[in-house]
Every structure is written in structure tokens, then in C-alpha cells.
Amino acid sequence: QVHLVESGGGLVQAGGSLTLSCAASGTIFTSSGMGWYRQAPGKQRELVAVIRGVGLPVYADSAKGRFTISRHYAKNTVYLQMNNLKPEDTAVYYCTVSNGPDNYWGQGTQVTVSS
């Protein structure tokens, strides 16, 4: 089992920055995937960024150049630094861990970007 606790969401003006953190506990491997998805009202959950094992990060097009994902393997923590935020980034952001076929989700943290 994996338990995820997210933090760092909030309200920010357009052009501002936020950093999300997700601390994972339980069965986490170096090879586990850790990342972030988001879900805006009325929309499907979508990938933001993910690090699979020790591979290079993968970003959604909407996140490239503005968001940076990083992972602290010893602490089983993943971060999402978000810069130049836009109103369309408003969503609930979910941390996720994948161990093979098993996927685990955090409770989500709200990010609201005002124009």
C-alpha cells in the first residue's frame, strides 16, 4: 500500500508561482513512477508531469517551459514547481505513484489562479 500526502496548493495571481509537494509512504521503489495529474471542473483528469523510475521527466505540452518536476528518492517525495501560472492552470492537482500495474492517488490539492 502507498499513502500520499500533498501540500502547497492555494490561490495565486496570474504570473505567480506555487510549489506542490507530495510525500509518499509505504512501498516505494526507485523504479516507481511518481508524478502529478490535474482535473479542472468539467474536464477529465490529465497528466501534468511524471518521473518514471530514474528516467527523464515527461511533461504535458501545457506544462513545458513553466513547470518543473523533481523527486527526492531518499525521502519518497515529489515536487512540482509551477511558474508563470495562468487561469487555465486552475484545477485540483493530484499526486500519483505507480508500482507496475498498481496506481495510487493522493487526495488532491486545489490550485486557483486568478486573472
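Can you check what the net charge comes to around Glu88, using other residues whose Cβ is under 13 Å from the Cβ of Glu88 (Lys, Arg +1; Asp, Glu -1)? Could the numbers behind the result be given before it?
On the way: positive: Arg38, Lys43, Arg66, Lys86; negative: Glu46, Asp61, Asp89.
Once positives and negatives cancel, what remains is +1.
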*Considering the chain as a Gaussian network with a 10 Å cut-off on Cα pairs, which listed residue, Thr27, Thr96, Thr77, attains the greatest mean-square fluctuation?*
Thr27
_Within the chain, what whole-number % of the accessible surface is contributed by carbon and sulfur, with the 1.4 Å probe and all protein chains included in the calculation?_
51 percent
*What order do Asp89, Asp61 take when sorted by accessible area (1.4 Å probe), most exposed first?*
Asp61, Asp89
_Sum of side-chain charges, Arg66 neighbourhood, beta-carbon under 10 Å (Lys, Arg +1; Asp, Glu -1)_ = +1
*Pick out which of Arg52, Arg66, Arg38 has the largest mean-square fluctuation in a Gaussian network model of the chain, springs linking Cα atoms closer than 10 Å.*
Arg66
*Please list, or write none, the lysines whose alpha carbon is within less than 18 Å of the alpha carbon of Lys64, excluding same-chain residues fewer than 8 places away.*
Lys86
*Starting at the first residue of the stretch 26-39, write each ³J(HN,Hα) from the Karplus equation 6.51 cos²θ - 1.76 cosθ + 1.60 with θ = phi - 60°, in whole Hz, x for Gly and Pro.*
x, 8, 10, 10, 4, 7, 5, x, 9, x, 9, 10, 9, 9
*What whole-number value in Å² describes the accessible area per residue of the chain for a 1.4 Å probe?*
52 Å²
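The values are calculated or read from the model by the stated rules, or taken from the named source; none is laboratory data. This structure is a prediction, so every number in the text was calculated from the model and none was measured. Counting neighbours? That spans all protein chains shown, and the Cβs are built from the backbone with ideal geometry, glycine included. Calculation scope for accessible area: heavy atoms of the full protein, side chains included, ligands and nucleic acids excluded. Shrake-Rupley method; radii C 1.70, N 1.55, O 1.52, S 1.80 Å.
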